[in-house]
Structure formats: structure tokens, C-alpha cells
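Worksheet: one structure, shown below.
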Amino acid sequence: MAVVTLAGNPNSGKTTLFNALTGSSQYVGNWPGVTVEKKEGQLRNHRDISIVDLPGIYSLSPYTLEEVVARRYLLEQQPDLIVNIVDSMNIERNLYLTLQLMETGNPIIISLNMLDLLKKSGKKINLKKLSYMLQVPVIGISALKHENLDKLTNHMLDNQENYPYPQYDERIESALTMIQATLHTEVPENEERWYAIKLFERDEDVMQALELNPAKQEEIEQTITTAEKIFSDNSDSIIVNARYDYIAKIVDMCVINNDDAKMSFS
Ligand code: GDP
Ligand code: K
Ligand code: MG
């Protein structure tokens, strides 16, 4: 059975979409070992596709129970597809999670939700450009009004290939490449980049879980320290800023505010 997982920020419309996609075929339990709710269901008219609702999260850092549950699931279970629900009214904030979901190395499509509200707001998002820049399929929907859900379902049924990762500043990329080389044979190939980024951020959970030998640890630490000198910043904020820079570029290219449009005509 193929497993599709819904991931998104709180209030992005995950529950609304989950209910629309699964109808009454759903059951609720808990994630292993924690009292975070886990909902699963079967895709309407496609019983061979199981849909798993991840907890609502803003990030894949290890700071909240929800984030820990989500990242453990994405790395250990490796769903066949992530459907990332993005609230089009808050696209900038939502894309921060999108980039991190892409970093996990799982196939992903974006369902850009709340298009009914977006239309009313006068703000416009160029879905084609967004898809092109992220190299990920983007399907505009309204979960509440059940708009375009057939199209979303069709994309879910398509054979999903792996998608490219977001590419950050080339100085960061070269540091990540060096760390990735050290990780060869330690982690699955499609997760190398995720682990490289987490090591670069000095993520405690990941450092402990990998149990790298001291020589490798030292090599990685040197790579990080060099990058920190170049950027005059600590490594985790280097990555945070890289994601925000990337998002700023995307928003600049793909989002047209009503005010901008007015200005250009006056
Ligand atoms: P979750 O926290 O991600 O599970 O989000 P919910 O599904 O609970 O939705 C949050 C709020 O947004 C609810 O009031 C929904 O009715 C509303 N909502 C969800 N999708 C849409 C949509 O496409 N359009 C509009 N207008 N409201 C929506
Ligand atoms: K909610
Ligand atoms: Mg919900």
C-alpha cells in the first residue's frame, strides 16, 4: 500500500483536506510513545492509498514533541509521497517548512491551499513560477470548498520521482558537500543531504544518533568552523538565513501584491 503523508503548518487546512480526501474511512490513534494524535485514513475511491496526517509544525527542528514525531516519521518511515499543504495567505512563513521537507529527501508535491481567500484578497501567486523555482509540482486548491481536489488526487496517484533539493549559497553548498562525503555509507543516499545539514547545524539528536568516529567528527567540525569564519555567524543561523534568502527570492518572483500592482499603474 502506498503511503501519502500530509504535512503543513498549524491552521494551513490539514484537517480540512484530510477529511475531504478520506471521508469516513479514518481512524485516530497516537504516535508511538507519545500522546500526539495520529490520524490515518484511506484515499476516497483509492483504498490502496493510505493517508497519514502529520502533526502541524513550523519547522523540523527537535524542539517540540510534534516536530520530533514528524521528523522521525519522515526519516525512518519514508512515506511514498509528502503532500505539503501551504497556506497561500501566509506563503512566506509556510515555505520555511517546505524547504525543510524537501531537505528530507522524500518525494513531495505542494497543495497551495486557501485559494478562495487569496482570490478575494487581491494578492496573486504565480503557481507555474513557484513550481518551476522549487522544481516541485504545485496544485492550487481550496480544501474548504473542495476545489481542485481531483487534480490533487491525480498528482498523488502519479508515480513520484525524487525531486531536487533547494540549493543554497555556494559557500554553504561546498561545506555540505564536504560533510556529505564524510557521511558516505553511514546513511541512506537520499538522506545524506538532510544529515549533512543537521550536522552543520550541530543538531544534538542527529550527532548522537549517527555515532560517527572521532576522526569524522573532527573533520566535520573543521568544515563547520571554517564556514562560521567565512560568514561571521554561527552555523545554525547560517542555514536559517539561507532558507529565508531562498524564500525571499521565490516570493519576489512569484507573489504579486495588490499594492504593487496599483503602484505600477499609477
Ligand atoms: P489545520 O490546523 O492545518 O488542521 O487546519 P484546519 O483544517 O483546522 O483549518 C484551519 C481553518 O482554516 C479552519 O477554520 C478551516 O475551516 C479553514 N480552512 C481550511 N481550508 C480552507 C480553505 O481552502 N479556504 C478557506 N476559506 N478556509 C479554509
Ligand atoms: K486547527
Ligand atoms: Mg488539524
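Report, in deg cm²/dmol and to the nearest 500, the calculated mean residue ellipticity at 222 nm for the chain, where each DSSP H run with n ≥ 4 adds -39500 (n - 2.57) and the sum is divided by the residue count. Could you put the intermediate results ahead of the total?
Details: 12 runs with 130 residues, N = 266.
The per-residue figure over the chain is -14500 deg cm²/dmol.
Take the alpha-carbon centre of segment 94-142, take the same for segment 1-57, and report the distance between them in whole Å.
Segment 94-142 and segment 1-57 have Cα centres separated by 19 Å.
Along the positive direction of the dipole of segment 170-247 (beta-carbon charges: Lys, Arg +1; Asp, Glu -1; about the Cα centre), which of SER237, ILE220, HIS184 reaches farthest?
Working it through, the farthest residue towards the positive pole turns out to be SER237.
Helix 214-231 versus the longest principal axis of the chain: what angle, 0 to 90°, nearest 10, using Cα atoms?
Compared with the principal axis, the helix lies near 70 degrees.
Relative to the longest principal axis of the chain, what angle (0 to 90°, nearest 10) does the C-alpha long axis of helix 91-103 take?
Value to nearest ten degrees: 50.
Which is farthest toward the positive dipole end of segment 1-150 among TYR96, PRO79, VAL52, measuring Cα position about the Cα centre, with Cβ charges +1 (Lys, Arg) and -1 (Asp, Glu)?
TYR96
Beyond 25 Å between alpha-carbons counts as too far, so tell me which of LYS38/LYS129; LYS124/LYS145; LYS38/LYS128; LYS39/LYS198 fall in that bin.
LYS38/LYS129; LYS38/LYS128; LYS39/LYS198
For the chain, what is the charge dipole size about the Cα centre, in debye to the nearest 20, if Lys and Arg each add +1 at the Cβ and Asp and Glu each add -1 at the Cβ?
1360 debye
How many percent of the accessible area of segment 2-157 is carbon or sulfur, using a 1.4 Å probe?
Summing carbon and sulfur atoms, their accessible area is 49 percent of the total for segment 2-157.
Given a 1.4 Å probe, how much area per residue of the chain is accessible, in Å²?
Value for the chain: 50 Å² per residue.
Report, to the nearest 10°, how far helix 170-183 tilts away from the longest principal axis of the Cα atoms in the chain, using its own Cα long axis and a range of 0 to 90°.
Taking Cα atoms only, the helix is inclined about 70 degrees.
Quick one: Cα centre-to-centre distance for segment 152-230 and segment 237-253, in angstrom?
First find each Cα centre; the distance between them is then 18 Å.
The values are calculated or read from the model by the stated rules, or taken from the named source; none is laboratory data. Fair warning: this is a prediction, and the values are worked out from it, not measured in the lab. Methodologically, a virtual Cβ is constructed for each residue, glycine included, from the backbone with ideal geometry; neighbour enumeration extends over all protein chains shown. The area values use the complete protein model at the heavy-atom level, side chains included, leaving out ligands, DNA and RNA. Shrake-Rupley method; radii C 1.70, N 1.55, O 1.52, S 1.80 Å.
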